[in-house]
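Below is one structure, written out as structure tokens, with a few remarks after it.
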Amino acid sequence: MSVRSTLDGLAGRRDVQLLGLAIAAELLLLAVYVAATPAELTRPRYALYPFVWINVGLWAVLRTVPPRATPGRRLVAGLVAGLYLLVLCWLAGLVGFVAGAPTDLLGISIGYGSPGWERIRLVTSAVYVVVVPYRVIGYLVLAYLVYVTVLDTAAAAVSGALGFVSCLSCSFPILASLAAGVFGGGAAITGALYAYSVDISTAVFVVAVALLYYRPGFGRAAGQRIE
């Protein structure tokens, strides 16, 4: 067995251990929440979905290392990822503009819920920002994977001339995760679809992370560690 294979195996076990610790901590936190509050988990899957977003994102980030690139490429990738994050948060209703908000709505307010569902809302006379922990973490993960994807696309000869958007495995997660933002942001959709919007957005998020991580067509998964 080569040194490289041994190091990859050790890194994989470390990632599994960290993920196991995260799951144990999350279940303990949920148990404490249920025991310490009068809340009842009438739909347990909704209490678990934030952990799905966080754990899938954690695993993808741990297994993904950006390739070497020039400062110019890193700057471009950072700008693309930042714009992607901003648009995604806007579609999800986490950021936006305010016009004529009543005075009593201005300022910071906190809405409590099961772990991951807390809401911190900041409203000014011009803009508003809403922080839902698990969604913010999930969108940051997608933005990071997009950053790595842009770097890989710039470095891949097979797609260098066609660009980022022409690669299906790159562009589909963009569209899919934008859909996750729309579903998660309470868009005007049918009642039946809206009733399962959290389920749909969670499934779309997992698919988007998987496609951005594995990305067929580049000769390697985005998550392959690069020395």
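The values are calculated or read from the model by the stated rules, or taken from the named source; none is laboratory data. Just so it is clear, the model here is predicted, and its values are computed rather than measured. Backbone-built Cβ (ideal geometry, glycine too); neighbour counts: all protein chains shown.
Which residues, taken from the stretch 50-72, are hydroxyl-bearing (Ser, Thr, Tyr) and either surrounded by fewer than 19 Cβ atoms within 10 Å (Cβ to Cβ) or under 14 Å from Ile23 (Cβ atoms) (or both)?
Correct list: Thr70 only.
Which ones in the stretch 28-55 are outside any helix (DSSP H, G or I) and within 21 Å of Val198 (Cα to Cα)?
Correct list: Ala39, Glu40, Leu41, Thr42, Arg43.
Would you confirm whether any residue within the stretch 89-98 is in contact (Cβ under 8 Å) with a residue 60 or more places away in the chain and in contact with a Pro (Cβ under 7 Å, 6 or more places away or on another chain)?
no
Can you tell me which residues in the stretch 105-118 are closer than 20 Å to Thr37 by Cα and surrounded by 14 or more Cβ atoms within 10 Å (Cβ to Cβ)?
Across the stretch 105-118, the qualifying residues are Gly113, Ser114, Pro115, Gly116, Trp117, Glu118.
Among the residues of the stretch 52-65, is there at least one that is among the charged types (D, E, K, R), at pLDDT 85 or above and out of contact with any strand residue (DSSP E or B) (no Cβ under 8 Å at 6 or more places or on another chain)?
Within the stretch 52-65, one or more residues are among the charged types (D, E, K, R), at pLDDT 85 or above and out of contact with any strand residue (DSSP E or B) (no Cβ under 8 Å at 6 or more places or on another chain).
Here are some conditions: (1) touching a residue at least 12 places away in the same chain (Cβ under 8 Å); (2) farther than 30 Å from Val16 by Cβ. Glu40 meets all but one. Which one does it not meet?
It is condition (1) that Glu40 fails.
Quick check on the stretch 91-103. Is at least one of its residues at pLDDT below 85, under 20 Å from the mean Cα position of the chain (by Cα), on the phi < 0 side of the Ramachandran plot and not in a strand (DSSP E or B)?
Yes, the stretch 91-103 contains at least one residue that is at pLDDT below 85, under 20 Å from the mean Cα position of the chain (by Cα), on the phi < 0 side of the Ramachandran plot and not in a strand (DSSP E or B).
Filter the stretch 74-85 down to the residues that are loosely packed, with under 14 Cβ neighbours inside 10 Å and among the aliphatic types (A, V, I, L, M), then identify the one that is nearest to Ser197 (Cα to Cα).
If we take residues in the stretch 74-85 being loosely packed, with under 14 Cβ neighbours inside 10 Å and among the aliphatic types (A, V, I, L, M), then Leu83 is nearest to Ser197 (Cα to Cα).
Quick one: would you say Gly93 is in contact with a helix residue (DSSP H, G or I) (Cβ under 7 Å, 6 or more places away or on another chain), surrounded by 14 or more Cβ atoms within 10 Å (Cβ to Cβ) and not hydrophobic (A, V, I, L, M, F, W, C)?
In short, no.
Determine the pairs where a residue that is acidic (Asp, Glu), located within the stretch 19-37, has a partner that is surrounded by 14 or more Cβ atoms within 10 Å (Cβ to Cβ) and part of a helix (DSSP H, G or I) with Cβ atoms under 9 Å apart, the partner being 6 or more residues away or on another chain.
Glu26/Leu48; Glu26/Pro50; Glu26/Phe51; Glu26/Ile54; Glu26/Asn55
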